[in-house]
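A.B. asks: The structure that follows is given in the form of structure tokens.
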Amino acid sequence: MTSMRSPDFIQIGAMKCGQTSLSQGLSTHDDIFVPSEEPRFFHSERYSEQGLEAYLSIFDGRDEAVVGEGSGFYGWDSWCEETAERMSRDVPNAKLLYINRNPIERVASHWAWGIANGCPWGTINEAVWDVDRLIEMSLYWRQLSRYREHFDDDQIKVLFLEDLKADPRSFFRDCGQFLGVDPDGFDFEEAATPKNQTADKRTDTRLAQRLRKWSGFWTLKEIIPDSIVQLGEQVLRRDGKIEPDWDPDVRRQVEERLAPDAARMLDYCDRSRDLWSFETRSLRDVEPAAVA
């Protein structure tokens, strides 16, 4: 059987860090192919149920110079501890793109996204203790370290949402150089347009958040008329992004947990620790740690 084409790159996250903007921006280049839907292969039951051949068929017959895919869940080790190992075994030559941002802002954005999509997470002060992924997906150094066990550093490109916002042209030119395509071949105007904005959606009020956490909410929703459900949606949801109302002590505890990891990530990338500001402490105060 003729060997099938493997992805040249994989975006491994992080979720709510501009993953969608990165993927769609890369797609503006004539020499890059990214499927419109995430295969979500290496971290899911599809890995065993569908098999590698079905996954590789996504790229079969593509004539672009570079093909790739991505999923925000690739950057969450607790969801599937074998993701990085599976990739290294099946697509060992793939380059990895990992985009991140201020980890506290990522937590807040992920929480707002969940509320906008009806997740019964409650307030951000409740959610950070009840929803593991909110914190764990912001532990960038921990997540990246999983991949560094299986891939060489020169196969990994760490990107920052802050850079994408500040200078999208330089950001995508850098991506092009890493992927081996013409750095000036992107549609920079289109690539710079923000994608997947939570602010464009309706979000729950605090009352709606608490109702969704009530055990009988979903049963009740199934039995009441749709007209009543729609009326409730108008009353209990509002336009625009819901802002987190942090309890100062909760925020301090979250920042204490994230700070050491964030400092190591910035040190590894040779970035100033001032890139990310925390309210309750400075990353400059975190003890330096050797990066292996």
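A.B. asks: Which of (1) open to solvent by less than 40 Å² (accessible area, probe 1.4 Å); (2) under 24 Å from residue 184 (Cβ atoms); (3) part of a loop (DSSP other than H, G, I, E, B) is the odd one out, the single condition residue 25 does not satisfy?
C.D. replies: Only one criterion is unmet by residue 25, namely (3).
A.B. asks: For the range 70-115: of the residues being basic (Lys, Arg) and under 25 Å from residue 266 (Cα atoms), which is farthest from the chain's Cα centre (by Cα)? Talk me through it step by step, then tell me what you get.
C.D. replies: Kept after step one, since they are basic (Lys, Arg), are these residues of the range 70-115: 86, 89, 95, 101, 106.
Of the ones still in play, those that are also under 25 Å from residue 266 (Cα atoms) are 95, 101, 106.
On the way: 95: 17, 101: 10, 106: 9 Å.
Per the criteria, the residue is 95.
A.B. asks: For the range 92-142, which residues satisfy the criterion of being in contact with a helix residue (DSSP H, G or I) (Cβ under 7 Å, 6 or more places away or on another chain), under 30 Å from residue 180 (Cβ atoms) and either open to solvent by 10 Å² or more (accessible area, probe 1.4 Å) or of a type in the set (Val, Ile, Thr) (or both)?
C.D. replies: The answer is 95, 99, 101, 141, 142.
A.B. asks: Within the range 30-68, take every residue that is hydroxyl-bearing (Ser, Thr, Tyr) and assigned to a loop (DSSP other than H, G, I, E, B) and give me the one that is nearest to residue 5 (Cα to Cα).
C.D. replies: Here the answer is 57.
A.B. asks: Here's something else I'd like to know. Can you list residue pairs whose Cβ atoms sit under 8 Å apart, with the first residue in the range 163-185 being under 17 Å from residue 68 (Cα atoms) and the second being among the aliphatic types (A, V, I, L, M) and open to solvent by 30 Å² or more (accessible area, probe 1.4 Å)? Count only pairs 6 or more apart in sequence or on different chains.
C.D. replies: What qualifies is 180/65; 181/65.
A.B. asks: Can I ask one more? Taking the range 1-11 as the region of interest, how many residues are assigned to a loop (DSSP other than H, G, I, E, B) and out of contact with any Ser or Thr (no Cβ under 8 Å at 6 or more places or on another chain)?
C.D. replies: Here is the first cut: in the range 1-11, the ones assigned to a loop (DSSP other than H, G, I, E, B) are 1-8.
Now narrow it down to the ones that are out of contact with any Ser or Thr (no Cβ under 8 Å at 6 or more places or on another chain): 1-3, 5-8.
Within the range 1-11, residues that are assigned to a loop (DSSP other than H, G, I, E, B) and out of contact with any Ser or Thr (no Cβ under 8 Å at 6 or more places or on another chain) number 7.
A.B. asks: Oh, and also: Those residues that are open to solvent by 10 Å² or more (accessible area, probe 1.4 Å), within 25 Å of residue 4 (Cα to Cα) and out of contact with any Asp or Glu (no Cβ under 9 Å at 6 or more places or on another chain), I need them from the range 69-91; list them, please.
C.D. replies: Of everything in the range 69-91, those that are open to solvent by 10 Å² or more (accessible area, probe 1.4 Å), within 25 Å of residue 4 (Cα to Cα) and out of contact with any Asp or Glu (no Cβ under 9 Å at 6 or more places or on another chain) turn out to be 82, 86, 89, 90.
A.B. asks: Which ones in the range 168-186 are open to solvent by less than 70 Å² (accessible area, probe 1.4 Å) and either in a helix (DSSP H, G or I) or among the acidic types (Asp, Glu) (or both)?
C.D. replies: Correct list: 168, 170, 171, 172, 174, 175, 176, 178, 179.
A.B. asks: Further question: Give the range 1-33 a look and list any residue that's more than 20 Å from residue 160 (Cα to Cα), among the aliphatic types (A, V, I, L, M) and in contact with a strand residue (DSSP E or B) (Cβ under 9 Å, 6 or more places away or on another chain), or say none.
C.D. replies: Hit for the range 1-33 is 32, nothing else.
The values are calculated or read from the model by the stated rules, or taken from the named source; none is laboratory data. These figures come from a predicted structure and were not determined experimentally. Counting neighbours? That spans all protein chains shown, and the Cβs are built from the backbone with ideal geometry, glycine included. Heavy atoms of the whole protein, side chains included, go into the accessibility calculation; ligands, DNA and RNA do not. Shrake-Rupley method; radii C 1.70, N 1.55, O 1.52, S 1.80 Å.
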